[in-house]
Amino acid sequence: MAPGPDALWELLLSLYRLRRPEGKDVFGPWKRAIRPRVPASARLLTDLIPPAGYAPDFLTPATQTGTLDAGLEALRSTPSTRLAADLSELAARHPGRPTPGWTRALAAGRPEIVGQIAGTAATYFTTCLDPYWPRIRELIDRDRAQLNRQITDGIDHDFLTTVHPSARWSFPVLEMDYPDDHDIALDGRGLVLQPSYFCWGTPITLLDPTLPPVLVYPINHKTPLAVSQNNPA
């Protein structure tokens with residue numbers, strides 16, 4: 001179980017929510033509040049994150065803490081081979097979508113471009129997510145506590161239905177509704193369960209099965225976000 005919200009997963013998923021109609025009762029107030037404040041530089045992020053479907057795995061690197069600083073440090077350290085592979089996958093999965101010229105420099109691992117992406121992510125987070133972060137953390141901590149109680153009480157595999165109603169065991173395989181056919185063999189690796197505020201509908205994961213396994217799932221949304229005092233992300 002992840003220790004709390006993951007800043008870069010929430011950032012990525014918030015950009016989906018910002019451009020999609022689902023969950024308007026939950027996300028509508030946040031969208032109306034932040035839309036006029038979205039920095040122009042966020043175009044760098046939306047060039048990499050389509051309104052739906054695959055976005056590059058390197059945008060959500062695994063870290064021990066899930067904090068913004070840890071995520072940005074890992075992002076800046078992405079190997080050029082990973083950048084090139086993910087951008088090639090992005091082009092293949094979204095044929096006909098315009099590809100900005102600067103992505104060639106990103107695919108080559110140019111550190112100034114990678115740094116610009118990280119800086120843009122930091123600016124977007126500070127403007128659009130940080131004012132809401134204490135509430136996001138509170139809601140995710142509540143979800144984690146509920147799941148941990150079920151695990152502690154020894155409810156066998158039934159606790160996974162708390163992660164998502166579509167979760168089911170076909171031993172030794174965990175099956176779940178997903179937009180595409182996608183298999184991940186753990187091969188002895190643990191699976192990190194990552195609750196998310198901005199995840200909606202079905203859980204999601206990384207495309208590359210060689211990366212640390214993670215399952216990002218939506219918490220039980222009941223109320224819209226409200227601005228609260230800033231806490232460190």
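What to note about this one:
- Every residue from region 24-37 that is over 14 Å from Phe198 (Cβ atoms), surrounded by fewer than 16 Cβ atoms within 10 Å (Cβ to Cβ) and in contact (Cβ under 8 Å) with a residue 40 or more places away in the chain: Asp25, Arg37
- Residue within region 99-113 that is in contact (Cβ under 8 Å) with a residue 12 or more places away in the chain and touching a Lys or Arg at 6+ places or on another chain (Cβ under 6 Å) present: no
- Taking (1) of a type outside the set (D, E, K, R); (2) in contact (Cβ under 8 Å) with a residue 24 or more places away in the chain; (3) assigned to a loop (DSSP other than H, G, I, E, B) in turn, Thr46 satisfies each apart from (3).
- Top-ranked residue of region 12-23 - restricted to ones that are assigned to a helix (DSSP H, G or I) and touching a helix residue (DSSP H, G or I) at 6+ places or on another chain (Cβ under 8 Å), ranked as surrounded by the most Cβ atoms within 10 Å (Cβ to Cβ): Ser14
- At least 1 residues being closer than 17 Å to Pro134 by Cβ and at pLDDT 90 or above is the threshold, and among the strands (runs of 3 or more DSSP E) wholly inside region 170-233 those reaching it are 192-196.
- Answer residue from region 18-43, given it is among the hydrophobic types (A, V, I, L, M, F, W, C) and within 17 Å of the chain's Cα centre (by Cα) and is farthest from Ala122 (Cα to Cα) among those: Phe27
So that you can scan it fast, the table gives a plain yes or no per residue for (1) exposed (fewer than 15 other Cβ atoms within 10 Å of the Cβ); (2) closer than 18 Å to Pro51 by Cα:
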{"site": "Leu87", "(1), (2)": "no, yes"}
{"site": "Ala92", "(1), (2)": "yes, yes"}
{"site": "Arg97", "(1), (2)": "yes, yes"}
{"site": "Pro100", "(1), (2)": "yes, yes"}
{"site": "Gly109", "(1), (2)": "no, no"}
{"site": "Val114", "(1), (2)": "no, no"}
{"site": "Ala121", "(1), (2)": "no, yes"}
{"site": "Pro131", "(1), (2)": "no, no"}
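The values are calculated or read from the model by the stated rules, or taken from the named source; none is laboratory data. Computed from a prediction, not measured in an experiment: that's the story for all the values here. Cβ sites come from the backbone with ideal geometry, for glycine too, and all protein chains shown count toward neighbours.
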